[in-house]
Amino acid sequence: LHCERQSSGGRPHLEVQGLMEIEFELCQRERLPIVLLRIAVESLERIAPMRERQDELLRGLVDVLRSYPRSADLYAYREGATIVVLLPRATIEAAELMCRLLIEAARKLVLPGAKAVQRVSLSIGLAEAQPDVDLYFETLSRVADEGVMVASANGSECFVHTQLYGLYQRKLERE
């Protein structure tokens, strides 16, 4: 998976993550909204046992995300069965709508060469930059990760915004 701005050749995961962090810093400095999503595909190995099919499925989900209207670029990379997405200049309300639409689309995902619709269950964690608080990018990542765990524990096919910013920010500052 890759940053939307890039060419079709692909960027390594760390380069896209670096671009995300730069975009995050810019939005923080300008006090612009920004949202981080962690999208976990439940039982990915069971529904797509072959690595090639897993890649197709995750690319299909990113293609669905790209099709939604938004105010800026979309950055995404894969971390195992999870897609990490940064939405610069997106409000939490817009991201929540995007999550609802993605969960619904995943239930009836059509992949190239598939003989049938692929039903995929997602657990999504959300985190947003706090306009009145300076946060680390890692804080957003941990809040979104916690959201994925809560969503998965609740049976998936949902998104969760845990609001644990202070907890994770303090932990990171101590480290």
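The values are calculated or read from the model by the stated rules, or taken from the named source; none is laboratory data. What you see is a predicted model, and the numbers here were worked out from it, not measured in a lab. In this analysis, Cβ positions are derived from the backbone assuming ideal geometry, glycine residues included, and neighbour counts consider all displayed protein chains. Quick note on the areas: whole protein, heavy atoms, side chains included, nothing else; ligands and nucleic acids left out. Shrake-Rupley method; radii C 1.70, N 1.55, O 1.52, S 1.80 Å.
Data overview
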{"item": "The listed residue being of a type in the set (S, T, N, Q) and either touching an Asp or Glu at 6+ places or on another chain (Cβ under 6 Å) or in a loop (DSSP other than H, G, I, E, B) (or both), out of SER152, SER141, SER156", "result": "SER156"}
{"item": "Subset tally (residues that are touching a strand residue (DSSP E or B) at 6+ places or on another chain (Cβ under 9 Å), part of a loop (DSSP other than H, G, I, E, B) and of a type in the set (Gly, Ala, Ser)) for region 21-72", "result": "3"}
{"item": "Condition check for ALA105: in a loop (DSSP other than H, G, I, E, B) and open to solvent by 10 Å² or more (accessible area, probe 1.4 Å)", "result": "no"}
{"item": "Unmet criterion (only one of (1) surrounded by 13 or more Cβ atoms within 10 Å (Cβ to Cβ); (2) modelled with pLDDT of 85 or more) for ASP63", "result": "(1)"}
{"item": "Complete set of residues in region 162-175 that are assigned to a helix (DSSP H, G or I) and surrounded by fewer than 17 Cβ atoms within 10 Å (Cβ to Cβ)", "result": "GLY166, LEU167, ARG170, LYS171, LEU172, GLU173, ARG174"}
{"item": "Conditions (1) open to solvent by less than 70 Å² (accessible area, probe 1.4 Å); (2) modelled with pLDDT of 90 or more; (3) closer than 24 Å to ILE22 by Cα: number failed by PHE159", "result": "(3)"}
{"item": "Selection within region 138-156 - open to solvent by 20 Å² or more (accessible area, probe 1.4 Å), more than 19 Å from ILE83 (Cβ to Cβ) and of a type outside the set (Gly, Ala, Ser)", "result": "ASN154"}
{"item": "Residue within region 21-43 that is under 20 Å from PHE137 (Cβ atoms), buried (at least 17 other Cβ atoms within 10 Å of the Cβ) and among the basic types (Lys, Arg) present", "result": "yes"}
{"item": "Of residues in region 79-96 being assigned to a strand (DSSP E or B) and over 9 Å from the mean Cα position of the chain (by Cα), the one farthest from ARG31 (Cα to Cα)", "result": "GLU79"}
{"item": "Residue, surrounded by the most Cβ atoms within 10 Å (Cβ to Cβ), within region 72-95, restricted to residues that are touching a helix residue (DSSP H, G or I) at 6+ places or on another chain (Cβ under 8 Å) and of a type in the set (Ser, Thr, Tyr)", "result": "TYR75"}
{"item": "Candidate set from region 122-136 (those that are surrounded by 19 or more Cβ atoms within 10 Å (Cβ to Cβ) and not charged (D, E, K, R)); member that is farthest from GLU56 (Cα to Cα)", "result": "LEU135"}
{"item": "Filter result (open to solvent by less than 80 Å² (accessible area, probe 1.4 Å) and either in contact with a Lys or Arg (Cβ under 7 Å, 6 or more places away or on another chain) or in contact (Cβ under 8 Å) with a residue 60 or more places away in the chain (or both)) within region 108-121", "result": "GLN118, VAL120, SER121"}
{"item": "Criterion (of a type in the set (Val, Ile, Thr) and over 16 Å from GLY147 (Cα atoms)) met by exactly one of VAL117, VAL41, VAL84, VAL35", "result": "VAL117"}
